[in-house]
Ligand SMILES: Nc1nc2c(c(=O)[nH]1)N[C@H]1C(S)=C(S)[C@@H](COP(=O)(O)O)O[C@H]1N2
Ligand SMILES: [Mo]
């Protein structure tokens, strides 16, 4: 059977509901899906017009980050690639795609555009032969094959093509991994702390004293982060904005800070052995008392 590591089958015939349960409250406007951003032609599709486009039928396995899987669900819908082609295709600068929900928190998720196209993301209307129930994202949701199901937005309202990534709700605020590959178990950005602790740490930008070994925070805006005494061995901060971050006494051994913006960041008395700072901006950085054996700049 095709179960990724540490997943279990949901009870036969059961499809659990995860996250939001309804689209935006009180919104009675006709359903539309807008394709915009770094695309040749911005277009707004009404639901009827969408349903009239050529559709595909695909069978995919669903893997939720909370460890249930449901194998072999058949979806029908429009391939993202086909929909983008109807809009004249992505502009050259388009590197990411963000799917945004018609929901109270404007829930969203994003993917590398090339991956989304390669995986065969589907703008889906039916599951196992019936229109999607509202609770499962009807009338129209994204289905992203080969990724944890949080990459499959319910109640699709917008598809935005972007030059730079815009982290989604679960990824940006709750600490779900932006990669989301179930075969590599990319569940949380850190596997060493409890998800509630991680969520709080992200909300307050305070990692002080936490054990976040191997945490993946590439490309994030972490301006003013407090990480005093944090355990950040093997952490990934490539391209992150660490302006005014405080890493006093933190353990950053073998951490990756390539191309990070470390303007005025404090690494005072920290352990930076084996850490990599190639391409990082070190203007005004304080390295006093830090141990720098094998650190590369
Ligand atoms: N709009 C919206 N889409 C969403 C979510 C959400 O909270 N809101 N949750 C995501 C998560 S974490 C999962 S596992 C799946 C759950 O889809 P389901 O409720 O149909 O099983 O939807 C994803 N898409
Ligand atoms: Mo999920």
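The values are calculated or read from the model by the stated rules, or taken from the named source; none is laboratory data. What you see is a predicted model, and the numbers here were worked out from it, not measured in a lab. Neighbour counts run over all protein chains shown; Cβ positions are idealised from the backbone, glycine included.
Descriptive notes on the structure:
- Members of region 53-68 that are more than 30 Å from residue 195 (Cα to Cα) and either without any contact (Cβ under 8 Å) to a residue 24 or more places away in the chain or surrounded by 15 or more Cβ atoms within 10 Å (Cβ to Cβ) (or both): 55, 57, 58, 59
- Residue count for region 28-52 under the criterion of being surrounded by 12 or more Cβ atoms within 10 Å (Cβ to Cβ) and either assigned to a strand (DSSP E or B) or at pLDDT below 95 (or both): the result is 10.
- Residue in region 128-139 that is closer than 15 Å to residue 78 by Cα, within 14 Å of the chain's Cα centre (by Cα) and at pLDDT 95 or above present: no
- Within region 161-186, considering residues that are over 10 Å from the mean Cα position of the chain (by Cα) and within 14 Å of residue 218 (Cβ to Cβ), the one nearest to ligand 1 (Cβ to nearest atom): 186
- Any hit, region 8-23, residues being away from ligand 2 (no atom under 16 Å from the Cβ) and outside any loop (DSSP other than H, G, I, E, B): no
- Residue check, residue 42 in the same structural domain as residue 145 (by TED's automatic domain parsing) and within 16 Å of ligand 2 (Cβ to nearest atom): no
- Meets criteria (over 30 Å from residue 41 (Cβ atoms) and either surrounded by fewer than 23 Cβ atoms within 10 Å (Cβ to Cβ) or modelled with pLDDT of 95 or more (or both)) for residue 159: no
- Test: residue in region 53-66 that is farther than 30 Å from residue 9 by Cβ and in a loop (DSSP other than H, G, I, E, B): yes
- Test: residue in region 213-230 that is under 21 Å from the mean Cα position of the chain (by Cα), more than 28 Å from residue 149 (Cβ to Cβ) and in a loop (DSSP other than H, G, I, E, B): yes
- Of all residues in region 78-94, at least one satisfies being part of a strand (DSSP E or B), closer than 22 Å to residue 138 by Cα and more than 21 Å from the chain's Cα centre (by Cα).
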